[in-house]
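Contents: one structure, followed by commentary.
The values are calculated or read from the model by the stated rules, or taken from the named source; none is laboratory data. As the structure is a prediction and not an experimental result, all values here were calculated from the model. Neighbour counts run over all protein chains shown; Cβ positions are idealised from the backbone, glycine included. With ligands, DNA and RNA removed, areas are computed over all heavy atoms of the protein, side chains included. Shrake-Rupley method; radii C 1.70, N 1.55, O 1.52, S 1.80 Å.
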Amino acid sequence: MNKTILPKINAIKRFTYDITSLRYVSKGPKPEIPSNALGSVYTAPNQKENGIVYDRKPFKLTLEAGKTYHWCLCGRSKSQPMCDGTHKDIFLKVTQRPIRFTVEKTKDYWLCNCKQTKNRPFCDGTHKQKEIQEASTIKV
C-alpha cells in the first residue's frame with residue numbers, strides 16, 4: 001500500500017471506532033438529594049403529623065451555606081415556605097412546629113410546599129401523588 005494513504009486509513013478507522021463507542025443518554029444524572037444537617041439536633045423533624053397542604057408544587061429558593069432556616073410545617077405561614085410564627089396563635093390550635101435546618105452548599109433548593117414530604121423540609125416528589133393533587137389547598 002502507498003505510504004501516504006496508510007496514515008489516512010488508520011485515522012479513518014480510529015474516527016469510526018470513536019463514533020461507534022459514543023452512547024446517548026436521554027436523561028441527565030439524578031439530582032443530589034439534600035438532607036437536614038440539624039435533623040439529629042432538633043426533635044421537630046420527628047413530628048408524626050404533617051401540616052395542611054399549602055400548595056401542590058415545591059418552591060425553589062436560594063439558600064446560604066451555614067445559615068439556619070425555619071421551614072413552616074403547619075402550612076399556615078404567610079411567608080411560605082418559611083415560618084412566620086403563625087403556629088403560635090392559640091386560637092388556631094396548631095400542634096406542628098417549624099423545622100430548623102441548614103444546608104452545606106449555597107445553591108438553589110426545592111422546598112416542599114405540600115407539607116407531606118418524608119425528607120423535611122426538602123421536596124421528595126410526594127406532591128405528585130393523587131391524594132395530594134386532589135386535596136383542597138388552604139391558604140390562611
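Rg ratio for the range 59-134: its Cα radius of gyration over 2.2 N^0.38 Å, N being its residue count, equals 1.13. Highest mean packing comes first when the peptides 102-112, 86-96 are listed by Cβ atoms within 10 Å, giving 102-112, 86-96. Entry note, the range 59-134: relative contact order of 33 percent, from Cα contacts under 8 Å with a spacing of 6+ residues. Ignoring ligands, DNA and RNA, please state the percent of accessible area on the range 59-134 from carbon and sulfur, probe 1.4 Å. Carbon and sulfur: 51 percent of the exposed surface of the range 59-134. Spin-label model, E134/Q47: points 7 Å from Cα along the beta carbon direction are separated by 2.7 nm.
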